[in-house]
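Read the structure below first, then the notes.
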Amino acid sequence: MCYRTKLNSKLSAIERSFEARFVEPESYSPMNEINGYSYIKTPIITDENRGEIQMFNWGLIPFWARNDKIKKATLNARIETVSEKPAYRNSVKNRCLIIADGYYEWQWLDPKGKEKQKYLLLPKDQEIFAFAGIYSTWKDPENNELVNSYSIVTTEANELMSEIHNNKKRMPVVLKSADHQAWLKGNDVSDFAFPYDVDLEAKPV
């Protein structure tokens, strides 16, 4: 599960990290916490335009959707079923890098989750990193506007995330920097399922 991310790095630092340029630099606003349920546009790199950083909406809308309500359920895509679920199976080959410099998760301190501890998760070896993502382009039937949207791919939690995300025991697929191109090229999704992971650190906030 991953519904809150962070990206407040400078635009120039993001471009250097990914050797890519923002298509619309004026549209980028650093944010210390991005709420997935705001469905806002955040920076991504697609398999079709690897030298460009574009702004896509979080919450994948498949091309066949009658309206955009499905985005409430498509912030994340489970890697185990992404090739089968109707919402994702037409987009599983549309790969993207979802750019971030952190994400948040809550640890339940009691069985019902009435008390929680918030953590910021960061890769130890990457100041700016990418989640594995898939994307879609949908035409709004009401106004013919094209909407580009994405979903973060998630997997079984590793040891650290099992302790922190202790109610669901899921985590986003954080890519190793060396594997960005392998994801974009369309390597089998199973290659990126647990036990694939990066070395993370957790900071209570």
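Just one of the numbered conditions (1) of a type in the set (Gly, Ala, Ser); (2) more than 23 Å from ASN32 (Cβ to Cβ); (3) surrounded by 15 or more Cβ atoms within 10 Å (Cβ to Cβ) is not true of ALA202; which one?
If we test ALA202 against (1) of a type in the set (Gly, Ala, Ser); (2) more than 23 Å from ASN32 (Cβ to Cβ); (3) surrounded by 15 or more Cβ atoms within 10 Å (Cβ to Cβ), just (2) comes out false.
Kindly evaluate PHE194 against the criterion of being surrounded by 21 or more Cβ atoms within 10 Å (Cβ to Cβ), among the hydrophobic types (A, V, I, L, M, F, W, C) and farther than 26 Å from TRP64 by Cβ. Quick ask: steps written out before the conclusion?
Details: surrounded by 21 or more Cβ atoms within 10 Å (Cβ to Cβ): no; among the hydrophobic types (A, V, I, L, M, F, W, C): yes; farther than 26 Å from TRP64 by Cβ: yes.
Taking the combined requirement at face value, the residue does not satisfy it.
Tell me, please, whether a residue that is modelled with pLDDT under 95, assigned to a loop (DSSP other than H, G, I, E, B) and farther than 22 Å from LEU184 by Cβ can be found in the stretch 29-36. Walk me through how you get there before you give the answer.
Our first condition is that a residue be modelled with pLDDT under 95; within the stretch 29-36, this holds for none.
Within the stretch 29-36 (the criterion being modelled with pLDDT under 95, assigned to a loop (DSSP other than H, G, I, E, B) and farther than 22 Å from LEU184 by Cβ), the answer is no, since none of the residues qualifies.
Among the residues of the stretch 171-183, count how many are among the aliphatic types (A, V, I, L, M) and more than 14 Å from the chain's Cα centre (by Cα).
Kept after step one, since they are among the aliphatic types (A, V, I, L, M), are these residues of the stretch 171-183: 171, 173-175, 178, 182.
Those still in the list that are more than 14 Å from the chain's Cα centre (by Cα) too: 178, 182.
The number of residues fulfilling the criteria is 2.
Anything in the stretch 103-124 that is modelled with pLDDT under 95 and not in a strand (DSSP E or B)? List them, or say none.
LEU109, ASP110, PRO111, LYS112, GLY113, LYS114, GLU115, listed by residue number.
Please enumerate the residues belonging to the stretch 62-102 that are assigned to a loop (DSSP other than H, G, I, E, B), surrounded by 17 or more Cβ atoms within 10 Å (Cβ to Cβ) and touching a Pro at 6+ places or on another chain (Cβ under 7 Å).
ALA87, SER91
Only residues that are surrounded by fewer than 17 Cβ atoms within 10 Å (Cβ to Cβ) and touching a residue at least 24 places away in the same chain (Cβ under 8 Å): list them for the stretch 16-38, please. Show your work before the answer.
Let us first name the residues in the stretch 16-38 that are surrounded by fewer than 17 Cβ atoms within 10 Å (Cβ to Cβ), namely 16, 19, 21, 23-27, 29-33, 35, 37-38.
GLU19, ARG21, VAL23, GLU24, SER27, MET31, ASN32, GLU33, ASN35, TYR37, listed by residue number.
Any residue at all in the stretch 129-139 that is crowded, with 20+ Cβ neighbours inside 10 Å and within 18 Å of ASN32 (Cβ to Cβ)?
So the first thing to find is which residues in the stretch 129-139 are crowded, with 20+ Cβ neighbours inside 10 Å, and the list is 129-136, 138.
Now drop any that are not within 18 Å of ASN32 (Cβ to Cβ), which leaves 129, 131.
Scanning the stretch 129-139 turns up at least one residue that is crowded, with 20+ Cβ neighbours inside 10 Å and within 18 Å of ASN32 (Cβ to Cβ).
Quick check on the stretch 128-144. Is at least one of its residues farther than 21 Å from ILE53 by Cβ and either within 14 Å of the chain's Cα centre (by Cα) or small (Gly, Ala, Ser) (or both)?
No, because not a single residue in the stretch 128-144 is farther than 21 Å from ILE53 by Cβ and either within 14 Å of the chain's Cα centre (by Cα) or small (Gly, Ala, Ser) (or both).
The values are calculated or read from the model by the stated rules, or taken from the named source; none is laboratory data. Keep in mind the model is a prediction, meaning the values are calculated, not measured. Because the Cβ atoms are built from the backbone with ideal geometry, glycine has one as well, and the counts that use them run over all protein chains shown.
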